[in-house]
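Q: My questions will all concern the structure given below.
The values are calculated or read from the model by the stated rules, or taken from the named source; none is laboratory data. Computed from a predicted model, the values in this text were never measured in an experiment. Every residue, glycine among them, receives a Cβ derived from its backbone with ideal geometry; neighbour counts consider all protein chains shown. With ligands, DNA and RNA removed, areas are computed over all heavy atoms of the protein, side chains included. Shrake-Rupley method; radii C 1.70, N 1.55, O 1.52, S 1.80 Å.
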Amino acid sequence: MLDLTLDENEDIYKRVLFFLMDNPGEWRQRSIEHIELSSALWSEREREIDVKPLKAVLADFGVTGDDSVRLVLPITLLPKIPLIDLSITVAGTPVYRVSGGLAGELQAEYILHLVEEAGVAPGRTSEGRDAEAELGELREFLAEMFGLAPGPWIGFLARTGKYGQRRIRKYRHKLGNACAYFFTEWPRLYRYLLDGLKDCELHWYLTYDMYRTWCGKAADIRRIVRTEVAPHNESVAENPLIALPSFVKHGGLSRAVKTAADPGKTFEEKCRSLEDEVNVLLENLRTVLDEAVRKAADIETTTFWSRRRAQWSLVERRLRARPRQPRCEEPHVSASPPGERPSARTADGEARGADRRARTADPGARGACRGTRAADRRACTADPGARAAARRLVATYAGYGRRWELFAECVVPLDDSFIITMSDRRAIYFSHPRKGGRELQKPWFSSSTAWEWVMFKDAVSSHLNIRVTDTSVELGKCELHGESRNLTERAVVDHLYNTDELFSAYSGSRRRPERVWVKCPLRPAHFIRRAHWLVIAGTAAALLTLLRLVDLSWSWPAPAVWWWPPSWWPPLVVRRDIPGQFLSLLLLPTTFAVSLLLVRESSTLSGHATRRRKVLLLLFFAVLWGLALWLLATGHVVHPHEPGALVSPRGAAPQA
C-alpha cells in the first residue's frame, strides 16, 4: 500500500489533492443527498457519493502498482453552523475528519494553487522583505481565516447587540454624539480588534484612523465576494479583519509585535509598523481577487443588468483592441456623378470594395488579415484554463468564508469503485440567507419557509431528495436558487418532482450551479388547516355575538375635559340584563376547541408551521375572554333567577 501522507510524498500528495478538488467530475460519478425535516430545530442529512476507480486518475501522477493507497480525500463543504452526530464512511470503513487547523492550511494552499493557475500574484512588498516572504505570510493569514471558528465574533456581536444600541440611544443626550459610532457594525469590529489585540499589547497602537483605512481595503474585498454569495456579517472572506486577533495570537504580524516590544522605538514608529504590515496583507489579498475578476472577463454575475454590463464591457474591450485592417493603396474612383458629393453610405461601400479587391489581388495581404483577426481573437479571449482558474478562485474564496472544506484521511482501493457516505444533523434556519441565516426561530409571526444549502455540482450527476417526516406538515412549492447576491437566479435542473411530502431534483447539466439554496415552504396539512380556520371562524362569531350586547349611542355629549374624549366619541351603553347562561354558551365550547388546537401538536415542526394561525386564534380568544370578564366584573351579567334576566330557567318570561 502506497502512503501519500508521508513527508517524502508531500509533493505528489498535494498535486493529487488539488486535482481532485479542481475536477470532482473526473472521479465522482453520482452524488445523492437525502434531507429529512424532522423538527423545527434540526434536519437529518445523509449524503452518498459514488466514486469511480482511482487508478486511471492517479496514474498521471505515477501512483501505480499497488492495490490501495492512503491519501486525503476532499469530501464536501460544511457550513459553519452547529453540526451534530457527524459520521463519515469511505469504502465501508469509518473515518474521521482532519483537524480544523490542518483543513485551513489545505484550503489556503488550494487558494494559492488557484492563484498560480490563474496567473495572478500579489504585487506589494514591505521594506526588508521579498515577494516570497509576503506570499508565505499571506498563506498563513489565509490558513488562519479559513480555520477560524465564528464563535468569538458571534459572541461579541451578541454582547454588543441591540440591547446596547437601545441603551446608547436612550442616553445619547447625556453621552453625546461621539459615542454613536461604537454601536454600528464596523465600529463594533473596532472594539473587537481592541479586545483581541490586548494579549500582544498591540491595542495601544491601533488608532481609529488606522482602522478606517483597513476598513476601506476590506470593503473592496467585500464588494468582490458579494458578487458571488449572499451577504453575511459572519463571513471571514467578506471581512478578513475578523481573523486578525487570532492571527496575532498564533504568531502573525511578528514584525509589528517585535517593534511594539522594542523600548527604543517611538509611538509613531510602532503605529506605522502595525499599519504597514496589515495594509500589505489586505492589499495583496485585494490585488489577487481583483486581478482574478478582471482576468475572468465573462465571469457569471447574478442579475440581468449586471450580466449585460459585463457583456458590454467585453465588447468594448474587443473593439478597442482590434487593429486597423489593411486598406488598398490604389485610389479608387468614386462612382458618384461629377460635381456631387458622395454620401457616407457610398464611401463606406467603396472602401469595403477596395479592401476586398486588395485582398483578392494579394494573397499575402489576405493571409495577414486572417492572421491578424485570429491573433485578435486570441488576445481578446485569454487562456481558457487561466480564465476558469480565475473564476474558480473567486468563487472558492467567497465560499470558504461561510464554510469549511471537509477532508478525511483514508485508505481506498485503486482498481475498484467505492462509496463515500456522510450523515449529520444540521440546524434549520427559517430566515432568508441574505439576512445571515442565524435566526433559528423568532416568536409569533416568524416565517414558515426553511432554507437548505446543498452542494449540487460535485459529481457527474446530482440527486436531491427532501422529505417531511411529520404527517401533519406539508411541503409547498420548493425552488432551487443559485448561490448569488440576491438568490434570484433559478438553478438549471433536468427533472423536478414536488408533492406534499417529497421534493426531488436531478441534474446532470454542466451549466448547473455548484452550490444551491433550496427554498422549502412549510404549511399544515389540508385537514389541519381547515380545522384551524373553522375554530378561528367560531371564535370570531362568538366574539361578534358578545359584542352585539354592547350598544353604541350616537349622541354627542359635551367633552369631560378639553382634550378627551373628543366631541365625536360615542359613549358605551351596555345592557345590564345579560344572563350568565348566554355567556357560558359562548365561552365553554370556544375554550375547549381553542385549548385543543393550541396545546396539541405532533412535533415542533408542525407547531412552527401553524404559528401564525395560532397567533390569530389566540388574539380572538383573548379579546373574547377579556370582554366576558369585563362584563362580569362590572355587574352586567345577572343570574337567570334574578329579576331583569332576559330568559328564565324554564323559558318563561322574565319576572317584573
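Q: With a sphere of radius 13 Å drawn around the Cβ of TYR110, what net charge do the other residues whose Cβ falls strictly inside it have (Lys, Arg +1; Asp, Glu -1)? Working shown, then result.
A: Values: positive: LYS14, ARG15, ARG139, ARG392; negative: ASP22, GLU105, GLU109, GLU116, GLU117, GLU405.
Here the charged neighbours net out to -2.
Q: Largest first and in whole Å, what are the equivalent-ellipsoid semi-axes of the stretch 197-237 based on the Cα gyration tensor, each being the root of 5 times an eigenvalue? Walk me through the numbers on the way to the answer.
A: Details: eigenvalues 139, 32, 8 Å².
Each semi-axis is the square root of five times an eigenvalue, giving 26, 13, 6 Å.
Q: State the answer as a single residue: which of VAL90, PRO24, VAL57 lies farthest towards the positive end of the charge dipole of the stretch 7-91, with beta carbon charges of +1 for Lys and Arg and -1 for Asp and Glu, about the Cα centre.
A: Among VAL90, PRO24, VAL57, the one farthest towards the positive end of the dipole of the stretch 7-91 is PRO24.
Q: Would you please put 138-148, 42-52 in order of how densely packed they are, using the mean number of other Cβ atoms within 10 angstrom per residue and starting with the highest?
A: Highest-to-lowest ranking by the protection proxy: 138-148, 42-52.
Q: Heavy-atom accessible area per residue, the stretch 584-629, 1.4 Å probe: how many Å²? It would help to have the intermediate numbers written out before the result.
A: Values: 2470 Å² over 46 residues.
Heavy-atom SASA per residue in the stretch 584-629 reads 54 Å².
Q: Same structure again: What do you get for Rg/Rh over the stretch 1-124 if you use C-alpha atoms and the Kirkwood form of Rh?
A: Details: Rg = 16.9 Å, Rh = 16.9 Å.
A ratio of 1.00.
Q: What whole-number value in Å² describes the accessible area per residue of the stretch 30-131 for a 1.4 Å probe? Present the calculation step by step, with values, prior to reporting the outcome.
A: Working: 4490 Å² over 102 residues.
Counting only protein heavy atoms, the per-residue value for the stretch 30-131 is 44 Å².
Q: With every protein chain kept in place and ligands, DNA and RNA left out, what is the accessible area per residue of the stretch 213-272? Probe 1.4 Å, answer in Å². Write down the numbers at each step before the final one.
A: Numbers: 2420 Å² over 60 residues.
The answer is 40 Å² per residue.
Q: Now, a different point. Give the carbon-plus-sulfur fraction of the accessible surface of the stretch 216-303 in %, rounded to a whole number; probe 1.4 Å, heavy atoms of protein chains only. Numbers along the way, then the final one.
A: On the way: 1650 of 3480 Å².
In the stretch 216-303, the share of accessible area belonging to carbon and sulfur is 47 percent.
Q: Out of the total accessible area of the stretch 12-76 (probe 1.4 Å, heavy atoms of protein only), what percent is carbon and sulfur? Can you show the working numbers first?
A: Working: 1140 of 2490 Å².
Result for the stretch 12-76: 46 percent of the exposed heavy-atom area is carbon or sulfur.
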